[in-house]
Amino acid sequence: MAGRATEPEVIWSRPERAGRGPRPAYSRADIAAAAVRIADAEGLDAVSMRRVAGELGCGTMSLYNYVPRKEDLLELMVDAVGGEHELWEPSGDWRADMVRVAHQTRDLMRRHPWLPRLMSGLHGFSPRALRYLEHCLVCLDPLDVAPGTKLELVAMLNGVVTMYVANELAVAERVRSLPWSEEQENAVRFAYLAGRIATGAYPRMAAALAQDSGPVDLEAAFGRTLGRLLDGFEPRGRNDAANGGAGPVGRDRAHLDPDEEA
């Protein structure tokens with residue numbers, strides 16, 4: 001097939017336009033925008049080389065001259081929506097900046113519900129992805145940990161946000177498919193759960209639900225999740241201070257008998 005790669009290659013290392021010859025009818029930005037429109041309207045499964053070619057008004061074979069593989073098309077899509085990330089002047093408070101990154105990424109995935117399915121290392125090195133990563137690392141300059149640890153922080157943050165949004169989208173999709181209301185569904189399920197708890201077979205569950213039996217505040221839960229993740233990257237000295245000066249060793253020793261400490 002004309003234009004298709006016979007060996008592995010990165011789409012970004014392939015020149016968009018040859019030095020000679022007529023100007024291409026379409027740019028990568030045109031192709032990516034068409035694919036994103038289809039995915040936003042109909043879901044990722046609706047995206048194909050044929051559909052994108054039809055959206056652009058060209059033949060499917062012609063599209064392969066621009067994008068050798070569908071995998072390259074998906075990478076173009078991820079990079080295209082990555083341009084929606086706002087890059088701001090870091091505040092000097094790395095935690096606040098990372099929380100802002102997380103909320104922005106969550107909003108981006110909500111606007112493009114197909115995006116969580118494509119969040120992997122395979123699509124992590126496009127031009128806009130690299131710009132985003134560098135921005136995150138600049139925001140993390142005040143954090144006194146190794147550079148590799150900062151990359152782990154960004155990866156874990158993206159993973160948590162992706163998982164959280166994927167769950168939100170799955171719940172919303174299921175609710176749309178129900179032949180009754182979400183309230184009716186929840187009432188039946190909660191009644192069943194209450195009946196099981198009342199048997200006394202699940203005392204720890206009963207205690208947990210008795211402490212907080214109201215509806216889950218998903219926004220508050222998201223915030224707590226982010227906070228606990230970021231807590232794990234705080235330098236030990238700051239965490240120790242937050243725990244009254246008892247670091248991991250100090251906390252262990254606090255449980256010893258005073259006579260044993262001697």
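The values are calculated or read from the model by the stated rules, or taken from the named source; none is laboratory data. This one's a predicted model, so the numbers in the text were calculated from it and none came from an experiment. A quick note on method: Cβ atoms are made from the backbone with ideal geometry, for glycine too, and the neighbour counts reach across all protein chains shown. Please note that ligands, DNA and RNA were not included when accessible areas were found on the heavy atoms of the full protein model with its side chains. Shrake-Rupley method; radii C 1.70, N 1.55, O 1.52, S 1.80 Å.
Here are the numbers for the structure shown:
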read-out: Accessible area in square angstrom per residue, region 190-232, 1.4 angstrom probe; value: 75
read-out: Area accessible to solvent at MET205, 1.4 Å probe radius, in Å²; value: 90
read-out: Shape call, region 56-211: gyration tensor on alpha carbons, a/c limit 1.5; value: oblate
read-out: Residue-span extension gain [GLU71 to SER48] - 0.36 nm each, minus C-alpha spacing; value: 7.2 nm
read-out: Among 81-89, 47-55, 170-178, the order from most to least packed when residues are scored by Cβ within 10 Å on average; value: 47-55, 81-89, 170-178
read-out: Candidates per chymotrypsin sites (Phe, Trp or Tyr not before Pro) in region 125-203, loop by DSSP, up to 15 other Cβ within 10 Å; value: PHE125, TRP180
read-out: Segment TYR192-VAL138, extension gain: residue separation times 0.36 nm, minus the distance between their alpha carbons; value: 14.5 nm
read-out: Rounded if a/c under 1.5, otherwise prolate or oblate - region 10-96, Cα gyration tensor axes; value: oblate
read-out: Percent carbon-and-sulfur accessible area, region 39-150, ignoring ligands, DNA and RNA, probe 1.4 Å; value: 52
read-out: Global form of region 167-240, assessed from the alpha-carbon gyration tensor, a/c cut-off 1.5; value: oblate
read-out: Gain in span if fully extended, ARG117 to ALA166, counting 0.36 nm per residue against the direct Cα distance; value: 16.8 nm
read-out: Taking region 23-102 and dividing mean pair separation by its residue count, relative contact order in percent (alpha carbons under 8 Å, at least six apart); value: 29
